[in-house]
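The values are calculated or read from the model by the stated rules, or taken from the named source; none is laboratory data. Model, not experiment: these values are computed from the prediction. As a convention, Cβ positions derive from the backbone with ideal geometry for all residues, glycine included, and neighbour counts pool all protein chains shown. Just the protein is used for accessible areas: all its heavy atoms, side chains included, with ligands, DNA and RNA removed. Shrake-Rupley method; radii C 1.70, N 1.55, O 1.52, S 1.80 Å.
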Amino acid sequence: MSSPCDPQHAPVGDVDAALMMIDSRLRSIHEGKTGTDPEQQAMIDQFAASLGPKGANDVLDGACTLIFMFMTWLRQAHEAQDKDVIEYVVPSLVATMRMMPKSIRPEAVPTMAGLAIAAGTGLSPNLWRKQYGGWTKEEMNPLEATAFLLAEHINRITDDPNFATRLITEALSSADED
């Protein structure tokens, strides 16, 4: 029996835009830019304003798709080592989020952990979240941080600072070819 949170029922969203935002953050961090770059923030704000409500929802869905794809890759990598992705990834993710109280309010941590767990068990994180109501403005930074932290985790375990981005771009390219 199919779950209402099965990924086949979930909108894919604007994965390209979501990946661009995550990749931009990854590059900034790797370049040692940990503060907010006013020029970059202005561009992000301008981009977000140009999206409109539907475009913003598409990017939100795209971020959830990234979380699903990252957790799927992590699940497969951990299973190849006879390890459980939930046991090895989620506690680290939660601990890191708890160290980021300016970006991630403590009450958002359980929701972001739930998104990762849903994705790690093969469910759509977006559809899982929708069971509990609509997204809130306060969840946008934690959602972006969750996708970012999963990408960074993948990059660290592969010892390749661009692996997570390449993983998604290659998946998108092969999907376009089909």
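Computed extension length for Arg105-Gln131: 7.3 nm, one decimal, from 0.36 nm per residue of separation with the Cα-Cα distance subtracted. For the chain, the number of Lys pairs with C-alpha atoms closer than 19 Å, counting only pairs eight or more positions apart or on separate chains, is 4. Note: relative contact order over segment 1-109, using C-alpha pairs below 8 Å and six or more positions apart, is 33 percent. Here the dipole of the chain is about 640 debye; that uses its Cα centre as origin and unit charges on the Cβ of Lys and Arg (positive) and Asp and Glu (negative).
Select from segment 1-66 those trypsin sites (Lys or Arg not before Pro) which occupy a DSSP coil region and have at most 13 other Cβ atoms within 10 Å, ordered by residue number. If you can, show how the numbers build up before the last one.
Details: sites: Arg25, Arg27, Lys33, Lys54; in loops: Lys33.
Loop-located and lightly packed - Lys33.
Solvent-accessible surface of the chain, averaged per residue with a 1.4 angstrom probe and all protein chains in place: 57 square angstrom. Rolling a 1.4 Å probe over the protein heavy atoms of the chain, with every protein chain left in place, gives an accessible area that is 54 percent carbon and sulfur.
Once fully extended, how much extra length lies between Arg166 and Asn57, figured as 0.36 nm per residue of separation less the alpha-carbon to alpha-carbon distance?
On the way: separation 109, 0.36 × 109 = 39.24 nm, distance 2.39 nm.
Stretched out fully, the Arg166 to Asn57 stretch lengthens by 36.8 nm.
As a calculated quantity, the FRET efficiency between Gln41 and Asp82 at R0 = 35 Å, using C-beta atoms, amounts to about 0.20.
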